[in-house]
Amino acid sequence: MTVSDELYQQVILDHNRNPRNFRKLDDPTHEAQGLNPLCGDEYTIFLKVDDENVIREVAYEGHGCAISKASASLMSEELMGKSEAEARELFKEFHGMILGNEPDKSCNLGKLAVFSGVWKYPARVKCAALCWHALRSALDGDDVVSTEGKM
Ligand code: ZN
């Protein structure tokens, strides 16, 4: 096992046992449900975006595998205080990284870089990407997104 594999497992375990921001927001400005039928992951993402388009709160509830939950937990931490445009850019970089397209991008992603090896496990890519698809749907004003037919 390499160092990065070990770090990956530690971070996934930690966030799975102790997920950050795992709750419902009472008055979100945006929300969307993300479904990953392949694995059975289901989460609803809640956002509170202020008048300047800055994300002030991120929370989620639902259930799924350790990877989907850890990914949502890490995402919620990274998005806090980011603008909507920055969040969309982060989604693009994260998505490129987990598909193995742009491994050099992982340096911009902070803690999210622990997912940089996920592309080696194609079945897990959708688990890691689910909360991000839900985030984008929430920002776009859509209610539900499924990873079916998406990577
Ligand atoms: Zn999953």
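The values are calculated or read from the model by the stated rules, or taken from the named source; none is laboratory data. This one's a predicted model, so the numbers in the text were calculated from it and none came from an experiment. No Cβ is skipped: glycine too gets one built from the backbone with ideal geometry, and neighbour counts run over all protein chains shown.
Listing for the model above:
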item	result
Residues being among the hydrophobic types (A, V, I, L, M, F, W, C) and in contact with an Asp or Glu (Cβ under 6 Å, 6 or more places away or on another chain) - total across segment 66-78	0
Residue satisfying condition, being over 12 Å from residue 128 (Cβ atoms), modelled with pLDDT under 95 and either over 12 Å from the mean Cα position of the chain (by Cα) or surrounded by fewer than 15 Cβ atoms within 10 Å (Cβ to Cβ) (or both), within set 86, 102	102
